[in-house]
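All of the numbers you see were taken from the coordinates with simple rules; none came from a lab. None of these values were measured; they are calculated from a predicted model. Counting neighbours? That spans all protein chains shown, and the Cβs are built from the backbone with ideal geometry, glycine included.
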Amino acid sequence: MNSLRVTNSLVRSKATVAVLRTSSSVLLPLAQRASSPWLSPTPRQILAVRPFSQSPNLSKRNRNKHEEEEVEEEEEDTRGGKKGKKNNNKKEKGAAAPQEAESPGEDPFSLDPLIALFQKTESHYTSQLALLRSPTGRFNAEAIGAIPVPIDKKSSVTYRLQELATVATLGGRRWSILAFEEASVKPIISAVLKSPDFNQQPQRSEENPLELTMTIEPEKVDDLVKRAKDLCTEWRNKLRDETHKHETHVKKNKSLLKDDLFKIKEALKKLQDERMKVVANQEKEAVAGIQAKAGK
């Protein structure tokens, strides 16, 4: 019996020692437990132990901090949206500037823009000269319809006569002005009387109270010739101004050499001289037409 008690006590003492060794080894760091000869750590024990920096509480704290920083950045972007857009626009402009600099410009040797201006100017003045050679001279339906008519004396607003009445020829130098409303008749009479080109009072028609008639006296031959020459002088000055503007624009091109500028200047002079000859011919024809009309 005594021998059995001794054996049981030995078994209990060995189990106690094993438990103590196991518990103490668990409390040791992972490296020491791995090297411990008494107890080798199992894979489950290694996975169960993680460094403090990787603990769930610390990761949650970092995640919340990161989310707060993102919210603050979004609020700053919202408050400074305009400023951010300006900065982005500046960056875009800065990126686009080299592309604009690299884009090829217009050909400085091309005279097409100036030729287009010359043609537009020529069309305008030739139509004006044609009116002087017409049987009614420069007084036509368009000229009469362009007379400004003030409706209200207290207001500075004016209307074109053709907006208030219909202008039609009665044959020869007689014209008819048919008002749309009776209230516009007196203002039309006053406007025609004050017009420096017509300077006469239209007469009311006996048959229709809305109709006005007027007879346009023909201009003197000398006045028509002078007007034609004045138009041609204005035409020449217009050509010189357009040529000068084109030459000034070309000189801004710093890549051109002196020889290039000289060639362009000579080409401009040649083109201008050709247009001046056209003006001289148009003036000669207009004067001859006016004098021929007066001779008849």
Residues of the range 167-200 with amide nitrogen under 20 Å from the 7 Å Cα-to-Cβ point of residue 154? 183-188
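Given R₀ = 45 Å, what would the calculated FRET efficiency be for residue 257 paired with residue 234, taking r from the Cβ atoms and rounding to 0.05? Present the calculation step by step, with values, prior to reporting the outcome.
Numbers: r = 36 Å, r/R0 = 0.81.
Efficiency computed from Cβ-Cβ geometry: 0.80.
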So how far apart, in nm, are the two label points at residue 269 and residue 182 if each is 7 Å from Cα heading toward Cβ? 7.1 nm
Separation between the residue 134 and residue 284 pseudo-spin-labels, each 7 Å from Cα along Cα→Cβ, expressed in nm? 2.6 nm
Given 120/245; 120/226; 238/269; 238/284; 229/293, the pairs whose alpha carbons are separated by over 21 Å: 120/226
Mean separation of Cα contacts under 8 Å, 6 or more apart, over the residue count of the range 139-215: relative contact order %: 25 percent
Multiplying the sequence separation of residue 244 and residue 291 by 0.36 nm and subtracting their Cα-Cα distance, what value in nm do you get? 13.4 nm
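Please pull out the direction-averaged projected area of the range 139-215, using the convex hull of its alpha-carbon atoms, in nm² to one decimal place.
Details: hull surface 18.8 nm².
Its Cα hull, projected and averaged over all orientations, spans 4.7 nm².
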Simple spin-label estimate for residue 221 and residue 166 in nanometres, 7 Å along Cα-Cβ: 3.9 nm
Gain in span if fully extended, residue 174 to residue 201, counting 0.36 nm per residue against the direct Cα distance: 8.4 nm
